[in-house]
Structure formats: structure tokens, C-alpha cells
Amino acid sequence: MTLQLETAPHPETLRRVAIEPISRVEGHGKVTLLIDEDNHVRQARLHIVEFRGFEKFVQGRPFWEIPVMVQRLCGICPVSHHLAASKAMDQIVGVDHLTPTAEKLRRLMHYGQILQSHALHFFHLSSPDLLFGFGSEVARRNIVGVAAAHPDVAKQGVLLRKYGQEVIRVTAGKRVHGTSSVPGGVNKNLSSEERDHLLKDIYPIIAWSREAVALARRLFEQDLERYNSFGRFDAHSLCLIRADGAMDLYHGGLRARTVDGKTLFDHENYDHYWEHIHEEVKSWSYMKFPFFRELGPEAGWYRVGPLTRVSQCDFIPTPFADHERRDFLAFDGGNAAGATLGYHWARMIEMLHAAEMIKELLHDDDLLGQDLLVTGERRERGVGMIEAPRGTLIHHYRVDENDLVVRANLIVSTTHNNQAMNEAIRRVASQYLDGQTLTEGLLNHIEVAVRAFDPCLSCATHALGKMPLELELLGPDGALLDRLGTAP
Amino acid sequence: MPKLKVATTSLAGCFGCHMSLLDIDERLFPLLDLIEFDRSPLTDIKHCGPCDIGIVEGGICNAENVHVLREFRANCKTLIAIGACAVTGGLPAQRNHLDLGACLSEVYLTEGGLEHGLIPNDPELPLPLDKVHPLHEVVKVDYFIPGCPPSADAIWKFLTDLIAGRTPKLGHGLIKYD
Ligand code: SF4
């Protein structure tokens, strides 16, 4: 099932075309294509070009700082890192069960995050491709163009995102990089004024989320053949699942299924994820390539995120979203649920689910409770997992007797999708670009495939790297500031 | 009045400052009557053209960042460093006391759960710098907005002042350093 375009036999004879930077995604990445003299694509790669060093520089920091530090991995989904790290640190302080108030506040924050991130991705970043066409005019292909052509769609997008951000502000203290989740619980509850502030808009938010699902479906229907086949490939899947099989984006056990629907493991405690998930490194990307250990690096790569979660859960525990899930799975004989562009539709179903969950939680008086924190017996190791907007997120730490972090391993959502995104661009390269004279519009098709995954290339670049070359950086006055690294 | 051209980019940052810009919410629409986006993560313009205002998030961690920053400086009449990372290097600069070689081998060679460990070294990957630098060490910067990220209200006040031709002033309550 893996396509052949990863490595061309004689790259030196080929022409290089780069899409750099990939735009309307979060983070820093590029795609390179190698093309022969007859315009056939011989190689296509998605490169993650930056490294940050989080896993290394959190070492030596006190463990309670970590949930606040690590969210600086990503400003689009900081709550995911804030919470995954908090869950790991709950383990460190020996807490397996939070108070109801703490758990529900964290959940509320998380569903606010899902709502705002999915709205941002669909409306601000991807809708221009979907509404105007993949090869449409560059100048119009952005949220400003959408605001001019479809003012209602743009406005709802902006207000949906705003609402999610408000949920985060009220629960976390700030819209971006809040501070309320702490090892063992939270440091703030909700006041009844804050609850009323959020309650007053939740019904239009649910209504607009339903309209967004309908829009995603309509786009699919209007161009069924293309939406079904665009960048399509088969892949194994991974997600967290609640004990009764329901979608649960905050907590659960691991469910992995193979391409042909066989269960590889299910309801597996994520505490020992490394028994199932290993990573491979390739020379041309700073992002690693995870795979199921049971199946090996060649065949064991998989897909995570909305498409996987919506199609692999047994049900969604809120009524509107579950109804939409069933429609999605039944649509066109189940085809949409395996399509790369099916990600958009599934993402909108999850946004609706998040809105419904927020409504449910806001009616729960536990949010106003006073009992915020628990403590237990200190442990050495903590693993925290969550379903972030883009997929399964793993945080893993060891803390020494002085309360300092001594080891950290983070496998972020986008990293799980690394091979899948490479497959998608290779598929699109053979479907649309091969043998053609490349135009800007055609190249955007490649980006449309990458965008479907809503990659967070800034999260995915947390590892440190170094290149075997030397270069000097000079300041505005010509003084030597830095030397680029030499080989270790 | 012709619209002002504004370019934005994220270098070694987390996009949180861009998120805070979008947190002006529906004020985005009146803003779009006054400005036009050039290169930005929100558009598909890949290189910065002549602009009135350039907004840069994130510090400098590799050769490509340097290149993009210089392109912004050459094209933007006013260059703004937005957020802690751009102003001081921010959280990513916590790696500045570490040896890159050692980190690299830990992450790509010796970490648990690795198969085929190797250090990425393809020419397509931009050269990393030994240290993360703030913007003003590499180019002249006209304005600095602190905060991680600065709030939407701070960004709104700053931009509307600048666009109206006033000297931007962030009063008490809008300047924050977290
Ligand atoms: S200043 Fe803060 S919010 Fe802005 S890019 Fe840096 S870490 Fe992100």
C-alpha cells in the first residue's frame, strides 16, 4: 500500500520543484518534488524543517512548570499540551482520579479547544480551497476572499472560533497559554457569572455547527468523484476510546485497527504505549515516523485524527453528532469515511460534538464546586494522553527525587500522521501533477492534501537537530553573531 | 485611501501570537477594510512583497528564519517584533545553554523506541543555529510588543494606532510580559 515515490533512483538527473512554505497550515514545512524531463513526478516528500528542543530543555525543570511550558509548542492547540502534560503530572503526584469539578473543568476547556481549533482549520484555513476550487486564483484563496464571497460563512467561522476561545479563557484564565490545569487538578472553578456568559451563546453555536456539518457534506456531494478519490489511500488507525466504545476526546484506552478492519489492540492502557508504538527516522525530515511495532516500520504506519475517531468509535455520546456520524459512515456506501477529504467532514462532526458537550457540561453544577485538587503518593514516571484536535497526543515524563524532570518524550498528533501525509501528497502527485506542466494551481492541490490533515507542523518540530555544515550569521553591523553547527 | 499592505510570518514561534491577532474576533472584518494581507500564514503568497507593515512572530533558530526575516526587513517600511519569542528569543531560547550535538544524538540516535536511528542531514533541511536569537540581533526592528502572546486588545490598539498614523501607545493593562 506504500507508494513508490519516496526516493527517486537518480535524483541528480531530475528537476526540483519546491512548495515553500506550505501556507494556510500551522507551523513550518515544505514539499519537494523531483520531476523528470517528461514532467513525470519521480519523488515527493513532505519535510518538516524546524526543530525546537522541548524534550531536551524541559529536563532539569521542576515538574509543576511543565504544563505551562510545553503549551508553547503550539499556539493553536496549547490546551492539548497543557492537559496532556497535566495528565502525566497527575501520575507523578500519584493521582488516578480527579475531583468531579477538576475533571469537568478540564473537559470543558478541552472541548472549547476542539471547537476553536476545528473552526479555525475549516473556515480560516481550508474553506477557500473547498469553496473556490483547488486551483482557483491565489489572490482570492484565503479567508478575506471567503469573507467577500460568502460573508455569512466567514462570520460564523469567526464567531465559532471566538466562542471556543472564550470557553478556554474562562476555564484556563487566558485564551492562549492559560494556567489553570495543575498536577492533581485545577486551580480555578467556574463562577456562576462565567457560566451564564458561556450559556447565553451556546444554542446558536450548536446551530451553526450543524450548518457547518451540512456545508461539509454539501461540498462532498457536489463533487463526489473527486472528493472520494483525491489523495485517497488505505491506512491502519489509532485513537483513544472510552470503555463503552464511545468517542471520548479527553480520556480512554488505545484502539488500533488495521486496514482490513481487524483489531490490533483495544482498550489498551496507554501507560505502556511504547510496547506498541515505535518510531523511525528518515534523513530528510525532522519529524519522526511512528509505526505499530506489531507490524514493523514498512507496513505499520497509521492514521490519527478526526477521520479515524469518527469512523472507529462505536458511537458519539451526543445526539446530533451521532446522527451525523451515522450519515457520514453510510454516505456513498461508506466511501467518505476512508477519503482524505473526508477529514473535513469528520472534523465538522467533531466540532458539533464539542459544542454539544460544552452545552451538557455548562448545565452541570459540579463546575461551580470548590473541591479542586487531590494529592497522592509521588511516582517516578507519568504518561498522559489526550485526543487533541489533530489526533492522539502522547506526553511521557520521568521526574527525580528533587522534583526535576529527567526525561521527556512527546509524540504529537501530527507526527503520527507523518507517513499518511506523505502518502497523500504522493497520491495527489500521481493523480493530478504527473506529466503536466506545473502551475501554481496544480501545486496547490498538493497543499490541499496536506491541509486535510490539519497538520500542526510547529508541534511536530520539537526535536533538536544539527547539520553537518558550517555557516556564519552576521548582525546588521556585520559582526559575527553565531556559527551554524558542525557535525557532532 | 488605499489599503495598507501587511505581511506576517512565524519564525521560531508557536503561532500563538498569530492566534492572538485572530482573537480580535469580528473586529477582523473592519480591519480588512483598512489593510490587505501580503505574505501571511493566512494567504498563499509565499514571498513578502513591498509592504507598509511587517509583523514577525518567533525568534531566529535556523538559516531559513534569517533569510525570511531579511526579506521582511527589506520589504516592510515598519517592522514589528511581536511576542516574547521575537523580542527575546522566548521559550525556544531555553535551548541556548545546551550542546546541539548531544541533544541531536539523544533525540535521533539513543532515545527509546527508535528504529533506524540517524541524524537528519538532508540538504532540504535548513541549517540550525547553535542558539536562538531575538530579531533585533539580526535586523533593525521598529517596534516591540511583549507578551506570550500579547493580548488581542493590545494588538488591536497597536495596529489601529499605527494605521491611523498615531504613535502606538499601549497603556496600563495592555502591556504584559507573560
Ligand atoms: S511569544 Fe508565546 S505565543 Fe508568541 S510565538 Fe512565542 S511562545 Fe508562542
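The values are calculated or read from the model by the stated rules, or taken from the named source; none is laboratory data. These numbers were taken from a predicted model, which means no experiment stands behind them. We place every Cβ from the backbone using ideal geometry, glycine too, and count neighbours over all the protein chains shown. The accessibility values were calculated without ligands, DNA or RNA, using every heavy atom of the protein model including side chains. Shrake-Rupley method; radii C 1.70, N 1.55, O 1.52, S 1.80 Å.
Just wondering, is there one or more residues in the range B:145-164 that are more than 7 Å from chain A (Cβ to nearest Cβ) and in a strand (DSSP E or B)? Before the answer, list the steps.
To start, the set of residues in the range B:145-164 that are more than 7 Å from chain A (Cβ to nearest Cβ) comprises B:145-147, B:150-164.
Add one more test, that the residue is in a strand (DSSP E or B), and what stays is B:145.
Yes, some residue in the range B:145-164 is more than 7 Å from chain A (Cβ to nearest Cβ) and in a strand (DSSP E or B).
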(request) Pairs only if they're at least six apart or on different chains, beta carbon under 6 angstrom, first in the range A:60-81 and over 12 Å from A:Val412 (Cβ atoms) and more than 9 Å from every other protein chain (Cβ to nearest Cβ), second open to solvent by 10 Å² or more (accessible area, probe 1.4 Å) and within 11 Å of the ligand (Cβ to nearest atom); list them, first residue then second. (result) none
(message) Anything in the range A:158-179 that is open to solvent by less than 30 Å² (accessible area, probe 1.4 Å), within 15 Å of the ligand (Cβ to nearest atom) and either within 9 Å of chain B (Cβ to nearest Cβ) or closer than 12 Å to A:Phe123 by Cβ (or both)? List them, or say none.
(response) A:Gln165, A:Val176, A:His177
(request) Output the number of residues of the range B:63-79 satisfying the condition of being out of contact with any helix residue (DSSP H, G or I) (no Cβ under 8 Å at 6 or more places or on another chain), open to solvent by less than 10 Å² (accessible area, probe 1.4 Å) and either part of a loop (DSSP other than H, G, I, E, B) or more than 10 Å from chain A (Cβ to nearest Cβ) (or both). (result) 2
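Residues of the range A:213-234 being small (Gly, Ala, Ser), over 20 Å from A:Phe123 (Cβ atoms) and buried (at least 17 other Cβ atoms within 10 Å of the Cβ), which ones?
Of all residues in the range A:213-234, those small (Gly, Ala, Ser) come to A:214, A:216, A:229, A:231.
If we keep only those that are over 20 Å from A:Phe123 (Cβ atoms) as well, we get A:229, A:231.
Across the range A:213-234, the qualifying residue is only A:Gly231.
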(request) Considering every residue within the range A:51-73, establish whether at least one is within 27 Å of A:Ala420 (Cβ to Cβ), open to solvent by 10 Å² or more (accessible area, probe 1.4 Å), within 16 Å of the ligand (Cβ to nearest atom) and not assigned by TED's automatic domain parsing to the domain that holds A:Pro128. (result) yes
(request) Specify the residue that is farthest from B:Val68 (Cα to Cα); the eligible residues are those in the range B:1-44 that are without any contact (Cβ under 8 Å) to a residue 12 or more places away in the chain, open to solvent by 40 Å² or more (accessible area, probe 1.4 Å) and within 10 Å of another protein chain (Cβ to nearest Cβ). (result) B:Glu26
(message) Could you go through the range A:26-40 and let me know if any residue there is within 14 Å of chain B (Cβ to nearest Cβ), more than 30 Å from A:Leu5 (Cβ to Cβ) and open to solvent by less than 10 Å² (accessible area, probe 1.4 Å).
(response) no
(request) Output the residue which, of all residues in the range B:124-143 that are touching a Ser or Thr at 6+ places or on another chain (Cβ under 9 Å) and more than 10 Å from every other protein chain (Cβ to nearest Cβ), is most open to solvent (accessible area, probe 1.4 Å). (result) B:Tyr143
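Hey, among A:His197, A:His251, which residue is outside any loop (DSSP other than H, G, I, E, B), open to solvent by 40 Å² or more (accessible area, probe 1.4 Å) and in contact (Cβ under 8 Å) with a residue 24 or more places away in the chain? Walk me through how you get there before you give the answer.
Details: A:His251 fails: outside any loop (DSSP other than H, G, I, E, B).
Step by step, each of A:His197, A:His251 is checked, and only A:His197 is outside any loop (DSSP other than H, G, I, E, B), open to solvent by 40 Å² or more (accessible area, probe 1.4 Å) and in contact (Cβ under 8 Å) with a residue 24 or more places away in the chain.
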(message) I need the full set of residues from the range B:80-105 which are within 8 Å of chain A (Cβ to nearest Cβ) and either away from the ligand (no atom under 15 Å from the Cβ) or within 10 Å of the chain's Cα centre (by Cα) (or both), in order please.
(response) B:Leu98, B:Leu100, B:Gly101, B:Ala102, B:Cys103, B:Leu104, B:Ser105
(request) With respect to B:Ile60, determine if the residue is open to solvent by 10 Å² or more (accessible area, probe 1.4 Å), within 16 Å of the ligand (Cβ to nearest atom) and touching a strand residue (DSSP E or B) at 6+ places or on another chain (Cβ under 7 Å). (result) no
(request) For the range A:180-194, enumerate the residues that are under 25 Å from the mean Cα position of the chain (by Cα) and open to solvent by 10 Å² or more (accessible area, probe 1.4 Å). (result) A:Val182, A:Pro183
